[in-house]
1. Given a Förster distance of 22 Å, report the FRET efficiency between residue 114 and residue 15 from their Cβ-Cβ distance, rounded to the nearest 0.05.
2. Taking a point 7 angstrom from the Cα of residue 186 along the C-beta vector, which residues in region 53-86 have backbone N less than 20 Å away?
3. Which value, in Å² rounded to 10, gives the accessible area of residue 101 with a 1.4 Å probe and all protein chains present?
4. Starting from the Cα of residue 38, draw a straight line to each of the lysines and keep only those under 28 Å, dropping any in the same chain fewer than 8 residues away.
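The values are calculated or read from the model by the stated rules, or taken from the named source; none is laboratory data. Source: prediction; values computed, not measured. Positions of Cβ are generated from backbone atoms using ideal geometry, with glycine treated the same way; all protein chains shown enter the neighbour counts. The protein model used for the area step is the full one, side chains on, heavy atoms only, and it has no ligands, DNA or RNA in it. Shrake-Rupley method; radii C 1.70, N 1.55, O 1.52, S 1.80 Å.
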Amino acid sequence: MTSVGGESLEDIRKALRAMSLGGKIVYSIYKLNSEIAKIERFLNNLKNREKELYNAVIEAKMRGDEIRASIYASEIVELRKIIRTLEVSKLSLERTLLKLRTIHQLGDIAKAAAQIEPMIRDVKKSLGKVMPEISWELEGVRESLLTAVSEIASYSIGESSTETPFTMSSEAKSVLEEAKREAERRVKKKFPKP
């Protein structure tokens, strides 16, 4: 049986089945943070290795040892491919983490709104004959809460979001372009061309 951190996968599955949705989200957030930290540590090690190899290329070039310089340079190319792959993976996990945090926060709002709705319904009923205009207004509030809870629930499972990894709002595209320029600047600074 496969195990993770001393626990079998079956034990983890059983524990997850017993958790509430909120508990599952919190657990997922915790685990994603842990995995992102692992990737970050691994990336730092690879980047340090890349710097060491880059310095070795420079030293080999200074000695006129073209063969060693080309061996080191080839290894740097491979390391950079791995680094890019890990960076993209890390960004994907961070995006997932942000989505889970948003869902968790929206879930708290939905839970509060769902608890308020029956109270408003009861007050509406009790005021129905005494003050019908307030009762009518409370019905609008109740419907609004039910709609909000429904929208939050559909957002949580991805139905209301028109943004997918392939379509974005113009604001998201603008932020992405800005981040791309900054990332390119940082890459040029970290990995100067030999």
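1. E between residue 114 and residue 15, to the nearest 0.05, is 0.25.
2. Within reach of a label on residue 186: 79-86.
3. 100 Å²
4. Of all the lysines, those that pass the test against residue 38 - Cα under 28 Å, at least 8 places apart if same chain - are 14, 24, 47, 51, 81, 90, 99, 180, 188, 189, 190.
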